[in-house]
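Quick notes on the structure that follows.
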Amino acid sequence: MAGQGLPLHVATLLTGLLECLGFAGVLFGWPSLVFVFKNEDYFKELCGQDAGPIGNATGQADCKAQDERFSLIFTLGSFMNNFMTFPTGYIFDRFKTTVARLIAIFFYTTATLIIAFTSAGSAVLLFLAMPMLTIGGILFLITNLQIGNLFGQHRSTIITLYNGAFDSSSAVFLIIKLLYEKGISLKASFIFLSVCSTWHVARTFLLMPRGHIPYPLPPNYSYGVGWTGQSKPILLSPLETPGKGQKQEPRSFWSYALSRRFAWHLVWLSVIQLWHYLFIGTLNSLLTNMAGGDVARVSTYTNAFAFTQFGVLCAPWNGLLMDRLKQKYQKEARKTGSSTLAVALCSTVPSLALTSLLCLGFALCASVPVLPLQYLTFILQVISRSFLYGSNAAFLTIAFPSEHFGKLFGLVMALSAVVSLLQFPIFTLIKGPLQNDPFYVNVMFMLAILLTFVHPFLVYRECRTWKETPSAIA
C-alpha cells in the first residue's frame, strides 16, 4: 500500500483506463459526429440546390458528394491513426513515456480546439483536426499498454482491457451528439475536452513512469511518486519469474519485422481492420439508404450503434482466455523444462482464430440489407473489433521481444494503414458503378476474411513444431 491511498500501480491502471475510455479512440464514434456535422451544414455547398436540410430525408439521402467528403475525412483519420503509430512507436521506444505523452497531449489539445472553433464555412479544417486527434489518441494507448507489465499473470487481460477501453471511447461522440440534441453546442463540448488536457499532464508526471515499464519485471521494481505516495515494490509471481526459455537470443528489429510470423500477422490485421473501417466510415450512408432517407430512423440506429460500442465490457474475455491458456501451458512447460516463450505463443491461437470467426459473422450480417438485423451487426462489430486490437497488441507482446514492441506495434499499424486507404475507392465504387449495392464488395471481403484463418493455423503449426523440436521456435 502506498501511503494512505491506493497502491500506485492500481491507481495507474484505473486512471489509464479512464484515459483510454474517455479520450483515446474517439475516431470510431465518427457516425455520431457526422450526424451533427450534417445538421450544422458542413460541406452542404457540395450538395447543390436540390439538397434540403438534414430534416429533409431526400436531401440527406441524395447528397453523394457530402457523404464522400465525410468518408474521405474518416479515411484520412483512420489512416493516420495507424500509419503514425510507427513513428510514434519509435518515439516511445527512443524517448520513453514522458516525452511520448507530452506529444500526445499537444496533438490532442490542438485538435479539439480546432474542431471547437470550426463552422460550416471552415469545415475543411476537419482534414487537419481528425488526423491530429487520432495521433494523440494512439499515443495515449501506446503509453498505457505497458501498464499490463505490472500485473504478471494477468498481463494479457490488462492489455486487452485497455484496447477495449480504447474502442469504447467512441461513445464520447455519441455523448456529444446527445448533448447537441439537448442544446449543448459542439463548441462547448470540444472546449471541455481541451480543458481535460490538464488532467493528462498531471497524470503524466504523477502516475506514470519516466521511462518504460520492463517485462518481465525485475525484483523489487518500483517507479514514480504521485498523490498516492511512494510506490511499493512489485513482486513477480513464480510463473512470471524469468527462467529457462524465458529469454530470447538478441536479434535485430528487422529480423523480426521480415519474419513470416510478422507478415501473416500483418495480413490478418489489415484485412479485418479494412472491413471495420469501411463499415464505420460508410455507416451513415448505409443506414440512410436502408431507412429510405428517414432521418429519425437514421438517428435511432446511429445512437444504437454508438451505445453498443462498449468494447471494454467484452475485450477482457479475450485476455482472460489468453492468460488462462498461458498459465496452463506454462505449468506444463515447467514440468517438462520446455520454453515458456513458446507455450505463451501457443496461447494466442484460439484468440486469433476466434477474432477471424467473429469478423466473418459480422460481415455476413452486415451484408443482409434488413435494418432490424443491424442491431446484431453492431454487437458483432464491437466484439470483433475489441478482440482484433486486443489480440493484436497481446500477440505482439508475446511473439516478439519487449524492447522492439513499440516499433513492431507501430510498423504493423502503419502498414495496415496503407491497406486501409482502399476504403475510399471502395466507397466510391459502391456509390458509383455499383449504384449503392455493396453485395459484390461484401462477398469479396468475406473471401478475404477466410484468408485470415491462415495466420492462427501457421502459429498452431509452429506450436506443433515446438513440441516435436523445442529449439525450432525462435
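When the Cα centres of the stretch 192-217 and the stretch 95-141 are compared, how far apart do they sit, in Å? One Cα centre to the other: 17 Å.
Would you rank Leu396, Leu46 by solvent-accessible area, highest first, keeping every protein chain in place and using a 1.4 Å probe? Mind showing how you got there, number by number?
Numbers: Leu396 0, Leu46 65 Å².
Ranked list, largest accessible area first: Leu46, Leu396.
Residues whose amide H comes within less than 5 Å of that of Tyr221, counting only those at least five positions distant or on another chain, are Ile234 (H built at 1.01 Å from N in the peptide plane). Here the stretch 257-473 has 69 percent of its accessible surface on carbon and sulfur atoms, given a 1.4 Å probe and all protein chains in place.
The helix-based estimate of mean residue ellipticity at 222 nm for the chain, built from -39,500 (n - 2.57) per DSSP H run of four or more residues and divided by its residue count, is -22000 deg cm²/dmol to the nearest 500. For the chain, averaging the sequence separation of C-alpha pairs within contact (under 8 Å, six or more residues apart) and dividing by the residue count gives a relative contact order of 25 percent.
Which value results when the Cα radius of gyration for the stretch 314-447 is divided by 2.2 N^0.38 Å?
Compactness ratio reported: 1.32.
On the principal axes of its alpha-carbon atoms, the chain has extents of 74, 50, 35 Å, going from largest to smallest. Of the peptides 118-126, 431-439, the order by per-residue mean of other Cβ atoms within 10 Å, starting with the highest, comes out as 118-126, 431-439. With pairing defined as another cysteine C-beta under 4.7 Å, the cysteines of the chain that fail it are Cys20, Cys196, Cys314, Cys359, Cys365. Ligands, DNA and RNA excluded, the heavy atoms of Glu181 present near 90 Å² of accessible surface to a 1.4 Å solvent probe.
The listed residues Thr15, Thr160, once ranked by accessible area (1.4 Å probe) with the largest placed first, stand as Thr15, Thr160.
Between Val10 and Ile379, the modelled labels are 3.4 nm apart [label points 7 Å from Cα along Cα→Cβ]. Legend: residue pairs Lys64/Lys407; Lys64/Lys187; Lys38/Lys407; Lys96/Lys326; Lys328/Lys407; Lys182/Lys407, Cα-Cα distance threshold 32 Å; pairs beyond threshold, Lys64/Lys407; Lys38/Lys407; Lys182/Lys407. The protection proxy used here, the mean number of other Cβ atoms lying within 10 Å of each residue, ranks peptides 149-155, 268-274 as follows, highest first: 268-274, 149-155.
Computed over the stretch 257-473, relative contact order equals 34 percent, with contacts defined as Cα pairs under 8 Å that lie 6+ residues apart.
The values are calculated or read from the model by the stated rules, or taken from the named source; none is laboratory data. Here the structure is a predicted model, which is why all the values come from computation and not from measurement. FYI the Cβ positions are ideal-geometry reconstructions off the backbone, even for glycines, and counts take in every protein chain you see. What goes into the accessible areas is simple: the full protein's heavy atoms, side chains included, and nothing from ligands, DNA or RNA. Shrake-Rupley method; radii C 1.70, N 1.55, O 1.52, S 1.80 Å.
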